[in-house]
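Data first, discussion second: the structure below is written as structure tokens.
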Amino acid sequence: MERRLSAIFAADMVGYSRLIEADEIGTLERQKSHRKDLIDPTIQRLHGRIVKEMGDGILVEFGSVVAAVQCAVVIQKEMMEREAGTTSARRMQYRIGINLGDVVAENDDLYGDGINVAARLEQLADPGGLLISGTAYDHLRGKVDLQFQSIGERRLKNISQPVRIYRAVLDNNITMPALKSGVRSTRARSAVLFAAFGILVLLVGGSILWKHWEISPSPELTAQSDKIAIAVLPFTNASTNPKDAYFAVGMTEDLITDLTKFPDFQVAASTSTTAYRNNESNIREIGRELGVRYILEGSIEKGQEKIRVTAQLIDAKSGSHIWAERYDRSLTDVFVLRDEIRKAIIGAITGYTGPLLDAEIKRAAKLPASAVHARDLYYQAFAEFSKFEPAANERARELLKRTIALNPNDASVQALLAWTYFRDHWVGWTEDPIQAARLALQAGRQAVELDPSNYRARWSLGSAYRLVGNQRAVKENYERAFELNPNDPDLFADWGEVLSDNGQVEEAVAQLERAIQLNPRYPVWYARVLATCYFKLGRYEDSLRVEGKILKPDAFHRLLRIAAYLHIGQKPDAQSELDAVRNTEPNLNLSQILNKHLPQERDEKIRKRIESELRTAGLL
């Protein structure tokens, strides 16, 4: 056996099983063509050695990190060109991971953590993307014309120490000087300019019968201490027309989403900051409550053709102003304005004002007027969706369809459309739940196809799969969402509900408590799920403590409270809750009330426990 330092290149085809199932012969022929004409010659040209082939994947050893990365870039860009005319359902794409590490060579095979890290990075990469380890990145600086974005440290499966990870930016028409001769130029991927919005309201209830998994996210997939923590408070509506408030809300969400694209930032979720709308708390107090160092606040005044935005960045620790600006622009410049604000914030905090940000501003300036109109429609749809009413949900859907007609390539629009169908099915707002599930899946898949790195697209697709009981797809998409954004409290809380429905109640509580840690002023649906979990675990005092956060409990949660109070011997409190339930249903006896409201809780053990407590107390 021999030990040596090598650059390890791991590549794997995305959705290989699905492609084979759809067209076995055609898939194998296309794969063979790509290997023969592109992949193998490029590896050979750069002096790589194919160590292992795994059907849809390959493991390659290079003597140089530079050569490994150059090989990856050529393959990804060329594959984009070769598959450009293929439908999304049939498109072949590779994920690639590269690591520089110590390996053990035996005969023609390689072993060791150097191999394992590359394989784990490949699994985390986006379709058509490239991830490299920190050790590889350290050897690349100044040696390739390629930009990388840090996505922080992550713990990888079976790897003892956290690994720094960097994502290659492959959409800037990059040329590789060492390979210009003899290599065909490729078409750059169209950048998706608009990231997905936060879904403010997720629903509780429901169950899925699936096997008991040890499910991520692990505790390591949480806020990174080396990140720059910032919160964007809701921008106030300074327009004379109160109906323009939706635009300020939408613009705030866009700024939050834009800042999350910058890998060194940890951005408070919108549900964490919404509680501070019209709040009198001082900046230092808000910073302490949200656990952030910087706070952005401002106002938006929207006219018929003009927009005025004032913004100020504040150091929450000292209370001092770091940066402030007022922008007076045409409405058609709203995307440029958004990118300029983001650039100013990043520059003020980090000093970085580099070419990536300038490139996005230039791209935004070229957007047609229809894109601005589409975004305005989307803001309106988001406002309607947030009302949580059947009619408003339908209005949101119609607005989203109009948005798609103007701009069919926005993943955030498709993700929200999936949520409207999900909500119809989950809450019971439709007479055709099967059709709602089908349309939710269709929109969720489209969102992921448009932007596989959009965590809310993955999230919406995972939830859509809940409607049809595809347990593996639920797990895969939620885990992918966590990999892409491990700091969204709503995602933790929603995952807690999924785990609770799966019978993994202890794990569910851990996720919900993490959500509350990230969002101290959490929405009431967190409390509904967590109180139910505590009740399932027999932690009745904790359940009642959290129930106290639910100011307007429905009949089910009042029944939950009654059973908990009876179990710990607080009969007067139980009687008070019982009177409240009877007042809401004056024409029904207690047995009829139970039959009406307990079926919403699909866990039979909870139903029986509530009935048992009431029967023991002589109420049934």
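FYI, it's all coordinate maths here, none of it is from the lab. Predicted, not measured: the structure shown is a model, and the values here were computed from it. As a convention, Cβ positions derive from the backbone with ideal geometry for all residues, glycine included, and neighbour counts pool all protein chains shown.
Structure notes:
- A simple spin-label model places pseudo-atoms 7 Å from Cα toward Cβ; at H321 and R155 they are separated by 4.4 nm.
- Prolate/oblate/rounded call for region 520-616, Cα gyration tensor, a/c under 1.5 rounded: rounded
- Gyration tensor verdict on region 534-578 (Cα atoms; rounded if a/c is under 1.5, prolate if a/b is larger than b/c, oblate otherwise): oblate
- With neighbour counts taken as other beta-carbon atoms within 10 Å, the residues H373, H597 rank, fewest first, as H373, H597.
- Exceeding the 23 Å Cα-Cα cut-off - candidates K243/K401; K536/K596; K475/K549; K549/K608; K77/K157; K387/K605: K475/K549; K549/K608; K77/K157; K387/K605
- Separation in nanometres of the label points that stand 7 Å from Cα toward Cβ, at L537 and I568: 1.4 nm
- Estimated FRET transfer efficiency when R0 is 25 angstrom, pair H373-K243 (beta carbons, to 0.05): 0.90
- Listing I550, I314, I562 from fewest to most neighbouring C-beta atoms within 10 Å gives I550, I314, I562.
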